[in-house]
Amino acid sequence: MVPLVWSAVLLAATVAMLAVRSHLGEGHVALVFLLVVLGGSAAGGRALGLGLAAASFLLFDWFFLSPHGTLVVANPLDWLVLVAYLLTSIVAAQLLYRAQEQARVAQERAEEINRLAALGAETLNVGRAEDALTAIAAVIRESTGAAHCQIYLPRDAAAPLRLGARADDPAAAPPMLPRRAPDELMEWVVGHGTAVLERRDGTTRLGSARPGEPERLLLATGQAVALALPLQVQGRTVGVLRLERDEGIRLDAERWRLLDAISYYAALGVERVRLSAEAEHAEALREADRLKDALIASVSHDLRTPLTTIRALAHDLSEHGDVRTEIIEQEAERLNRLVADLLDLSRLTAGALAVRAEPNAVDDLLGALVQQVEPSLGARPLRVSLPTGSPVTIGRFDFVHTLRILTNLVVNAAKYAPGESPIEIIASEEDGAIVVRVADRGPGIPPAEAERIFEPFYRPPGAPPDVGGAGLGLSIARQLAEVQGGTLTYSPRAGGGSVFTLRLPAAPRDPSGEPPPGTSPRHLHA
Ligand code: ADP
């Protein structure tokens, strides 16, 4: 349409000038034609400008240079006019085209900047990570001219591959899903970090992470109806961006550049969704943990009173000669220990257990331990070895809590080590710490379980069920050690069995070698 209009303008100008030809010089004609060429270039682009220049060149020669009505130029100076006119009109058309092109590129850049600014603002403004991703999908769809844009999140521990966000052109037909099952194709893109193009005929073409030349050609010419791009952050594929357009996706070099830049936003958006989901999950776990602790604390507290009543009543009844009451008493006692453990555990978890760390002699500690555990060991030998020579080894610890830790370790050794095998307790002083090891010749702990046995309620698969216990003892023991600034660890024993090592801070020694005041070293009678 525009070329026709400007051809008509050229003809009209020629006819008008022909009417007054006798009054016109060559300069007048050249100027009028030049105006027409510039007007045509501005309205219809470079090709029209050059076409008008060529046509006006011929018209100039034919109608306005003598002899008129021929292409012959009689006066050699007229050649100069003609060639100068042709060159001027071509250069003018070309310059105008260039200026227009620059204006167009500047306009596109401004739009790009606007889009990126909008993208930044959208992603910062929106509170929820999913909404930010939807905003990013909308900007990508608009800036690529696609009808549909979908962002997939890869499968993780919590969920399978899923659609994280989408943006659709309301005027376009509903999205046609990929010809292959979407999950399969998107999984493939995630797994291989490779772009996939879907052609109009339903076939697919696989590229690299960023489509290479052949794929770009398909996209530049609009032969691909869908494009799935891996979204990557530091070389890791975190999601898939899928663009779709029934009439073919058209991406020229400029749009590619833009897509490249904004798809990184999409990748960051996907990461944000993942991180916020993880944070929510962690918060839910923490909440569940708080509830569990509160439940343990209140249940164990409420169980104590009825248990005491049951034990007292069973005791009364046993005086009437009913032997079954003995079992009731034993079981109630077992439950009572469990409840006491639960209460301690909840106090330890809440940091509410009183700890009195003060100088104590290790000899005293082991003496009390032997007294406490011997009755339950029967014929099983208990070998205790203390650091030889004076002075007495003094540690800084809570006597009652530490005795409880060691009792637990010895009772465990008796529970899990076979028959008459001896239990050894070895105390020493090492690098500013007092160390007490409890060693047995039991089955030991498989390496994979060595840390887990210290978790509350954890009993390794295959732990003997008939020895009682709820898997709380070691967990309480370790926490009791830690609240005193110590550690409790397990290691396998050479030749078979277990060694549990308790480390507690040693008390600072007086330079005279005397124990600090307040301690009264006694010696073992075991
Ligand atoms: P419980 O004895 O009530 O099961 P603990 O927390 O004391 O709970 O111990 C956790 C688990 O560690 C036990 O179930 C047992 O399998 C293992 N264990 C503890 N001490 C020993 C030991 N001396 N030898 C072998 N296994 C042990």
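Every number here is computed from the coordinates shown, using simple stated rules; none is lab data. Keep in mind it's a predicted model, so treat the numbers as computed, not measured. Ideal geometry is used to build each Cβ from the backbone, glycine not excepted, and the neighbour counts take in all protein chains shown.
Structure notes:
- 20 °C / 1.002 mPa s Stokes-Einstein diffusion coefficient of region 76-138, Kirkwood radius on C-alpha pairs, µm²/s: 138 µm²/s
- Selection from 67, 13, 418 lying farthest towards where the dipole of the chain points positive, charges on Cβ: 67
- Note that region 229-384 carries a Kirkwood radius of 23.3 Å, evaluated over its alpha carbons pair by pair.
- Positive-end ranking of 193, 222, 298 along the dipole of region 171-324, with charges on Cβ about the Cα centre, is headed by 222.
- Its Cα centre serving as origin, the chain has a Cβ charge dipole (Lys and Arg +1, Asp and Glu -1) of approximately 1200 debye.
- Surface/4 of the Cα convex hull for region 390-482, nm²: 7.3 nm²
- Protection-proxy order for peptides 69-81, 221-233, each taking the mean of Cβ atoms within 10 Å per residue, highest first: 221-233, 69-81
- For the chain, pairs of C-alpha atoms spaced more than 44 angstrom apart make up 57 percent of the total.
- With Cα atoms as the point set, region 105-252 shows a radius of gyration and Dmax of 15.1, 47 Å.
- Orientation-averaged projection of region 121-160 equals 3.5 nm² [convex hull of Cα atoms, one quarter of hull surface area].
- Residue-count net charge about residue 163 - beta-carbon cut-off 15 Å; Lys, Arg +1, Asp, Glu -1: -2
- Exposed loop sites here are GluC sites (Glu not before Pro) assigned a DSSP state other than H, G, I, E or B and surrounded by at most 14 other beta carbons within 10 Å; excluding them, the longest clear run of the chain is 1-246.
- Values of log10 I(q)/I(0) for region 8-57 across q = 0.24, 0.27, 0.31 Å⁻¹ run -0.84, -1.00, -1.18, by the Debye formula with one identical scatterer at each alpha carbon and no solvent.
- Once C-alpha pairs closer than 8 Å and six or more residues apart are averaged by separation and normalised to the residue number of the chain, the relative contact order reads 8 percent.
- Rounded to the nearest 500, the 222 nm mean residue ellipticity of the chain from helices alone is -18500 deg cm²/dmol, with -39,500 (n - 2.57) taken per DSSP H run of at least 4 residues.
- Relative to one another, the C-alpha centroids of region 264-324 and region 349-423 are positioned 30 Å apart.
- Taking every alpha-carbon pair in region 191-242 and binning the separations at 5 Å intervals from zero gives 5, 23, 31, 22, 13, 6, 1 percent.
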